[in-house]
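To keep things clear, I will list the structure first and then write my remarks on it.
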């Protein structure tokens, strides 16, 4: 059966929902993405629907003034920042002495110098050649964010040899291939919207996956950016194949039965698995699925309130005219309501019983809307406790026992620990996939980190530090370590280099302070030894009897 466009573009996995994911992405990213997303009618109908009975011109005016407060982004970024405070540390499991695993543990051909192994370099930078530099910790953090938003994240592991489309002589051995490609293996995130379809076996292992990459190209200065290139890459456990379409959507878009413009492959790879590593969260930890409806409701209600506030700022004058039969025909004009221009600097001539007032909306609904918006905002931040209940029953008990900040932090820690465990497992899966591609499938790796989180609020830590300042603990080492721990908790996003600099500065500052205090105490002791009590003036500085002290 020939591969045609509808099989590649139209047939997608039952869990694929790009419109919903784009809605979540806009709610997470804020106005930089929100305004562009609203240009798509499908997403706009879900994200910012037109009210029942709302006039088209009113809806268009509201779209011009749309704004968004990204509380959803604050919550998700808080979780990932807290995880990054304890970065992932990968280590290779050593085999028994004499085993192939132990023999290759430190003898990996990778083209590196100074004893740095391939995996050391991969941990520092796992990005593809020519791509934006990304450390392995940054990759794991990015994938956790993706999974929190869309429930599922994908990591593609590739090697340069997978991209050889012919022309070069194939390497005669793995040794020669490693010598040729060096440390070229890389891992990169794949947007969930690009993974169109996949299939798993009974054990949940991927049988195959289809990834789409689309871009608009400008072929030259004489042409516009109107050529679309669609690349569909079909990965199996043994090889990969790429199908490519290039077309102008305004002139000749592809038909459902159209075959690809050209095909690459199939080309074999050495992973023995589909080189696409999935990372999936359970429903209980899927923050995007939990927060999306609340954030969308807050977004729509806040804009409706804003529109009503705008309208109320431009109040208009209402003139209540008395009945014509009661007018004085000599002094009162029966057509005064229509024959007098009104506006700033003008005076209206009215009858005796006419009244003038500004008309505006009832402020009562505004207050109700503001209160409801506050409740919606708080509900988004309470979701950490709800997520904790889905991880461990102790989370529910914690929630019922008290409403203190300590309890909230404990519930947050439950969520972070479970996310950290899943992030470490994803890191191990990626490293093992890399090892398979390098012909080192016997290697196994262990991930550590992302498991140390503070269950004490910063308010409590600061209060404790203030009390400790009153307790004399004459140990510069203790002072440096304690204040460093306080600084580390206050700066969850600080890098290892920044934390090291903070520690050095604390040690230098506290040591210098201790030396000054020691010198001061020594001088005071010398005065006491000379018989001068604290607060007294030394004898040599006292004026002689009968003489007044010299004027300064």
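Points to keep in mind about this one:
- Test: residue 52 is at pLDDT below 90 and either outside any loop (DSSP other than H, G, I, E, B) or in contact with a strand residue (DSSP E or B) (Cβ under 8 Å, 6 or more places away or on another chain) (or both): no
- Test result for residue 69, touching a strand residue (DSSP E or B) at 6+ places or on another chain (Cβ under 7 Å) and more than 17 Å from residue 192 (Cα to Cα): no
- When the residues of the range 238-271 are filtered to those that are surrounded by fewer than 18 Cβ atoms within 10 Å (Cβ to Cβ), within 16 Å of residue 156 (Cβ to Cβ) and touching a helix residue (DSSP H, G or I) at 6+ places or on another chain (Cβ under 7 Å), the one that is modelled with the highest pLDDT is 267.
- Tally, over the range 310-351, of residues that are in a loop (DSSP other than H, G, I, E, B) and either in contact with a helix residue (DSSP H, G or I) (Cβ under 9 Å, 6 or more places away or on another chain) or surrounded by 12 or more Cβ atoms within 10 Å (Cβ to Cβ) (or both): 13
- Unmet criterion (only one of (1) more than 32 Å from the chain's Cα centre (by Cα); (2) part of a loop (DSSP other than H, G, I, E, B); (3) touching a residue at least 40 places away in the same chain (Cβ under 8 Å)) for residue 245: (2)
Residue-by-condition table, conditions (1) out of contact with any strand residue (DSSP E or B) (no Cβ under 7 Å at 6 or more places or on another chain); (2) free of Cβ contacts under 8 Å to residues at least 12 places away in the same chain; (3) within 30 Å of residue 430 (Cα to Cα):
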residue: 221; (1), (2), (3): yes, yes, no
residue: 230; (1), (2), (3): no, no, yes
residue: 233; (1), (2), (3): no, no, yes
residue: 238; (1), (2), (3): no, no, yes
residue: 284; (1), (2), (3): yes, no, yes
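- Selection status of residue 365, assigned to a loop (DSSP other than H, G, I, E, B) and modelled with pLDDT of 75 or more: no
- Selection within the range 213-237: residues that are surrounded by fewer than 14 Cβ atoms within 10 Å (Cβ to Cβ) and in a loop (DSSP other than H, G, I, E, B). The member of this set that is farthest from the chain's Cα centre (by Cα) is 222.
The values are calculated or read from the model by the stated rules, or taken from the named source; none is laboratory data. Predicted, not measured: the structure shown is a model, and the values here were computed from it. We place every Cβ from the backbone using ideal geometry, glycine too, and count neighbours over all the protein chains shown.
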